[in-house]
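The structure appears right after this line, and notes come after that.
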Amino acid sequence: MTSLPPGPPADSDPTSMSTAQLLVASQRGDNEAFGRLLDQYRGYLLMLAHRYLSERLRRRIDPLDLVQWTYLEAKRDLHQFRGTTPAEFAAWLRGMLKHNVASAVTRHVTTQKRSLKREVTVGDLKQGSDAAWIQQMPGSTTSPSGVAIRGEAVLELLNALHSLPETQAEAIRLRYMEGLPLSQITERMGKSETAVAGLLKRGLRKLRDHFQSQSSPWW
């Protein structure tokens, strides 16, 4: 079994732990630390669930349900996780989420005969799960810019993020939706500050090209 790196003292408060410390404490059986660790990946997994599901499938499969199911599996199978870093833990969660998405698609689409087209309306797309996703993400209503994004802007933003490579979208989400400093983003993603800065720069450039406007609430 892979030996765990040194963790925080046994009496440490999970609210003051870094992501790496939360991971170590979780592997040592601290349930409170594990809950806080999972909370740090909620927005990431929701973003991935939306990326993996088409707009039509999101009418039948709630991305939040997939994340909750992934959390239950992570709790059950944590003893099988052999990594030691937050980035490895993120990859482990992502693998479980992908499996759950595939299972849900098989269960809700392949085995049912109803047409998805009849269930999709313009009104649902404007007011449905897409908007809920933004509202559920950590920091979404108290971002550094203090801008509340709603309606058409939500749909446009989601489409833009979906068009970015996964690492660029995640770096932008952590920086501008959760408001994390660069040091915490590097820890969460397992990349150097130079690499994260490059992801942000390239991702923001692509978003700017997409919106074609300096009035976007993202900058």
Pairwise centroid distance, computed over Cα atoms, of the stretch 162-197 with the stretch 23-50, Å: 17 Å
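Let me check something: with ligands and nucleic acids excluded, how do 108, 99 order by accessible area (1.4 Å probe), largest to smallest? It would help to have the intermediate numbers written out before the result.
On the way: 108 55, 99 110 Å².
Greatest to least solvent exposure: 99, 108.
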On a 1.4 Å probe surface of the protein chains, which of 77, 62 comes out largest in accessible area, and what is the full order? 62, 77
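The values are calculated or read from the model by the stated rules, or taken from the named source; none is laboratory data. Quick caveat, the model's predicted, so the values are computed rather than measured. The accessibility values were calculated without ligands, DNA or RNA, using every heavy atom of the protein model including side chains. Shrake-Rupley method; radii C 1.70, N 1.55, O 1.52, S 1.80 Å.
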